[in-house]
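Can you keep this structure in mind? I'll have questions shortly.
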Amino acid sequence: MVGIHFAGSKVQKIARQVLAFSLGGVLNTAVDSGVFWILEHGMHWAPWWAQVISYLCGFCNSFLWNRRFTFERKGMDLCQVGRFALVNAISLVVSICALLWLRHSAMPMMADKLCVTAITMLINFAGGKWWVWRDNDANTIQSGPDSAPCRR
């Protein structure tokens, strides 16, 4: 069997990013759902408050994972932090609205949560790939005393 090797190609890079993003998504889903379950089921928090806290835990994990493993960025880029936060804020609002809307369905709460998670993963991948972590190293602004404003 002959294998096709795309050494250094865009195809190989995108395939690796999709795999890393997917692995990070599984980890984020475990963190998010675990915290949500503890707060909503174990501590009897309102689902929307449990969603906010669990989403923030997933947010921190996701930023660190994507910066380090998916898009292999080093250092702390304040522009990326801001863009990542904005994409995730939009995703959080969508997730809360969807969770409240789905709450009127006959599905169990965790089924509602899985549907919401699928929606937010799509939003976060699209925003992350094409805005937050896009390849444009010439415009990357690092934090520090000599930092300039974001230009992207």
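The values are calculated or read from the model by the stated rules, or taken from the named source; none is laboratory data. What you see is a predicted model; the values in this text were computed from it and never measured. Cβ placement follows ideal geometry from the backbone for every residue including glycine, while neighbour counts extend to all protein chains displayed.
Looking at segment 55-84, which of the residues that are over 22 Å from Val26 (Cβ atoms) and hydrophobic (A, V, I, L, M, F, W, C) is surrounded by the most Cβ atoms within 10 Å (Cβ to Cβ)?
It comes out as Cys79.
Given the options Ala106, Ala50, name the one that is free of Cβ contacts under 8 Å to residues at least 24 places away in the same chain and either of a type in the set (Val, Ile, Thr) or not in a loop (DSSP other than H, G, I, E, B) (or both).
Being free of Cβ contacts under 8 Å to residues at least 24 places away in the same chain and either of a type in the set (Val, Ile, Thr) or not in a loop (DSSP other than H, G, I, E, B) (or both) holds for just one of Ala106, Ala50, which is Ala50.
Only one of Ala50, Ala106, Ala46 is surrounded by fewer than 19 Cβ atoms within 10 Å (Cβ to Cβ) and modelled with pLDDT of 90 or more. Can you tell me which?
Every option except Ala46 fails the conditions.
Ok, one more. Pick from Val87, Val81, Val18: which is in a helix (DSSP H, G or I), modelled with pLDDT under 90 and closer than 19 Å to Ile119 by Cβ?
Answer to the check: Val18.
Follow-up. Can you tell which of Lys113, Lys129 is at pLDDT below 90, over 17 Å from Gly24 (Cβ atoms), assigned to a helix (DSSP H, G or I) and of a type in the set (D, E, K, R)?
Unique residue meeting the criteria: Lys113.
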